[in-house]
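What follows is one structure encoded as structure tokens, with my remarks underneath.
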Amino acid sequence: MSIRNRLFLILTLMTLVPLLVLLFGVVEKEEQEIQLRTEHELGNTLSKMSNELQALLDAQKSLALGLSKVPVVQNFARHAHSASAHQYQLLSQRLANFFLEYQAAVPSIQGLRFIEAGGKTLVKAKEGKLIPANFYDPDLKRAYVANQVGKDFFQSAVSTQEDVEISNFELGQVTTDADFCPAMLRYSVPIRHKGKLLGVFVVNMWGTRVDTVVEATMGGRSRKAYIAELSDNQNRDGIYLYHRDNERRFANQLGSSFRFAADIGVKQWQSLKVAGSHGKINLDNGRQFYFQKMRPYENRLTEWLLIIETNRDNILASTEEIRKSILYLLVVLLLSSIITVRWLSSRIARPVQQLATIITDYADGENSIRYEGKRQDEIGCAGRAFNYLAHNLERAEEERDKAANAALQSERLAALGHLAAGIGHEINNPLQNILSLSTLIDNYLMDEKNDEIKEDIRLLKQEGKRCARIVQGVLNFARENDLVSEKFDLAKLLDDTLILMKHSIEVNGIKLNLHLSDRLELEGDPNQIQQVLVNVIINAVHASSPNSVLSIYGQNIDNIIRLEIIDQGCGIPESDITKVFNPFYTSKKEGEGTGLGLSVSYGIINKHSGRIQLENIPDGGVKATIELPVSLSIKSVPSVQNTTVEFKHVG
């Protein structure tokens, strides 16, 4: 696939995929969130409406119950039948005055009346006026306003066990000449004395209070709210108890066909009736009805259905605008991607091809070729990376050649070591013969009186022994053995090593300053430790200037033998101090060293569970510190390249 096509694909994916995710992920999720927020908001509104309506009904029930217990009402109820005509006239007048005064004080009361136990309304006040008693009951010997014995509300009040009986929410008396009769709620309170029914006290409350609660709960929202009735009475089932359009309310009384059940359909209505206390109905035309059921009557199954109507398109109008904007943006970005790809391909393809040509020429053997571009972008970075790679390859070849030369030098030194060991063995035999003969001569001249001869013989034996120790040191240093642990005195081993190197120290005019404590015994391989001492001391001697001092300190600190070898040379360059233990590293001229001494020494000390450290000192020179545990815990020697070695600059 060409770069142009790849760029087009990448840019298309980078621009279109996020927008598609935004379109089908974020927008869809936002729609769900809006639906949930709407459902939560309307659910809270319906719950608040239900609580407010229930509080209204409870307050009106309490009002009716409280009025029934007023003394003037109770007094009339107890003496309505037994009082004389004159007394009855006084009692009824007092009750009528009470009705008129209280109705004037509480405008929400539509009417008050008292019905005696036989169903005759004896006193009635309606809308601030006293209704005259135009009928007379000869048996009761009382005038009455109307006979309510056959009315449902009276029969329910007489038979109820509740303190207050609430009738259906309905219109008042409907007449043909009335444009509209306000709805009302009737509260009937049976009055009993010692179990005997004395009468029924009735309070009619204006239904506009219900309308006020609904409208106040909606708070001026544009959404529509309704109250419908769920009833086992087919005549009332599904009628609107509240609707903004008064003509749609109380279809059972007005003879109209307006019912909520008809508006949503029979199937939806039947499922709603068996649904839970709250929920939502979705119609195919986008209309949504959120509902909550409430039971206003304690002793009946009739329920009020509180409803808020919404429209799905109106709710999701904002997200639909976002959806359209994203689609327009998709088209614009697609066109922009095509234009951008054409421009970028001309800017990227040519430099990439040039870089590919450079790499190909280098691979074909043109090792001097380099990337010379000045670009600061990724292509320039790739070109400089190629230059870095080529430089490192050249350096690796040089280091490989150096390593090969060092390996060859190491082989030569190994051969020289074997030769030195052979020569040492050959020299050791005549030396032993010389020492034996000098001992025999010394014994033979024991009685000789010439002290000068005896002194010559003693010096001959002394120098012969010194030669023997030197030869033995060479043999021990040249010997290659596995680590063999034994107890030895580091101080004595150091003395033997210094005897071995005495000539080199004296030739360079170096003064030796030796400070060793008494307890320097430890476990380890003395031959390998001697090899370390030789390597470190040789480096110190080579780094020291003539007439300088080489100081060696040894002590036992908490069962750790600490040996410090301090020279007064020029020190180690800061750039090289971390490399001194690397194999084949050397600061000496070519042919003067292999760069293996300190690397091998590090391995030996590490195998003895010890630590070796080099540090520059402020006044010039290097301090080499070797720490070895008194008790040896042998461990395998890690690769020097993979081991962290401690270096520090003192001062």
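The values are calculated or read from the model by the stated rules, or taken from the named source; none is laboratory data. None of these values were measured; they are calculated from a predicted model. Ideal geometry is used to build each Cβ from the backbone, glycine not excepted, and the neighbour counts take in all protein chains shown.
Scan Gly111, Gly150 and give me the residue that is crowded, with 20+ Cβ neighbours inside 10 Å, among the small types (Gly, Ala, Ser), over 21 Å from His79 (Cβ atoms) and touching a residue at least 24 places away in the same chain (Cβ under 8 Å).
Selected residue: Gly111, the only one of Gly111, Gly150 that is crowded, with 20+ Cβ neighbours inside 10 Å, among the small types (Gly, Ala, Ser), over 21 Å from His79 (Cβ atoms) and touching a residue at least 24 places away in the same chain (Cβ under 8 Å).
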Is it the case that Val203 is in a helix (DSSP H, G or I) and touching a helix residue (DSSP H, G or I) at 6+ places or on another chain (Cβ under 8 Å)?
no
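Please specify each residue of region 284-301 satisfying the condition of being of a type outside the set (Gly, Ala, Ser) and either within 42 Å of the chain's Cα centre (by Cα) or modelled with pLDDT of 90 or more (or both).
The initial filter retains those residues of region 284-301 that are of a type outside the set (Gly, Ala, Ser), namely 284-285, 287-301.
Passing the criteria: Arg287, Gln288, Phe289, Tyr290, Phe291, Gln292, Lys293, Met294, Arg295, Pro296.
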Would you mind listing the strands (runs of 3 or more DSSP E) fully within region 499-579 where at least 2 residues are touching a Lys or Arg at 6+ places or on another chain (Cβ under 8 Å) and farther than 28 Å from Ala468 by Cβ?
549-557, 560-566
Could you grab the pairs with beta carbons closer than 8 Å, sequence gap of 6+ or different chains, first residue in region 382-404 and free of Cβ contacts under 8 Å to residues at least 24 places away in the same chain, second one surrounded by 11 or more Cβ atoms within 10 Å (Cβ to Cβ) and outside any helix (DSSP H, G or I)?
Arg384/Tyr371; Asn387/Arg370; Asn387/Tyr371
Go through the residues of region 442-453 one by one and say whether even a single one is in a helix (DSSP H, G or I), among the basic types (Lys, Arg) and at pLDDT below 75.
no
Cβ-Cβ under 9 Å pairs, at least 6 apart or on other chains, region 551-571 side in contact (Cβ under 8 Å) with a residue 12 or more places away in the chain and farther than 20 Å from Pro618 by Cβ, far side among the hydroxyl-bearing types (Ser, Thr, Tyr) and assigned to a loop (DSSP other than H, G, I, E, B):
Gly554/Ser517; Gln555/Ser517; Asn556/Ser517; Asn559/Ser631
Among the residues in region 261-268, are any in contact with a strand residue (DSSP E or B) (Cβ under 9 Å, 6 or more places away or on another chain), of a type in the set (A, V, I, L, M, F, W, C) and buried (at least 17 other Cβ atoms within 10 Å of the Cβ)?
yes
Selection over region 56-84 where residues are over 18 Å from Leu198 (Cβ atoms) and charged (D, E, K, R) yields a count of 2
Within region 95-102, is even one residue closer than 12 Å to Val202 by Cβ, surrounded by 14 or more Cβ atoms within 10 Å (Cβ to Cβ), at pLDDT below 95 and touching a Leu at 6+ places or on another chain (Cβ under 8 Å)?
yes
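What number of residues within region 220-258 satisfy the criterion of being at positive phi and touching a residue at least 24 places away in the same chain (Cβ under 8 Å)?
Count: 2.
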Between Ser188, Ser271, which is of a type in the set (Gly, Ala, Ser) and surrounded by 21 or more Cβ atoms within 10 Å (Cβ to Cβ)?
Ser188
For Leu520, are the conditions met, namely being in the same structural domain as Gly621 (by TED's automatic domain parsing), surrounded by 14 or more Cβ atoms within 10 Å (Cβ to Cβ) and over 60 Å from the mean Cα position of the chain (by Cα)?
no
Could you look through region 347-389, keep only residues that are part of a helix (DSSP H, G or I) and among the acidic types (Asp, Glu), and pick out the one that is modelled with the lowest pLDDT?
Glu378
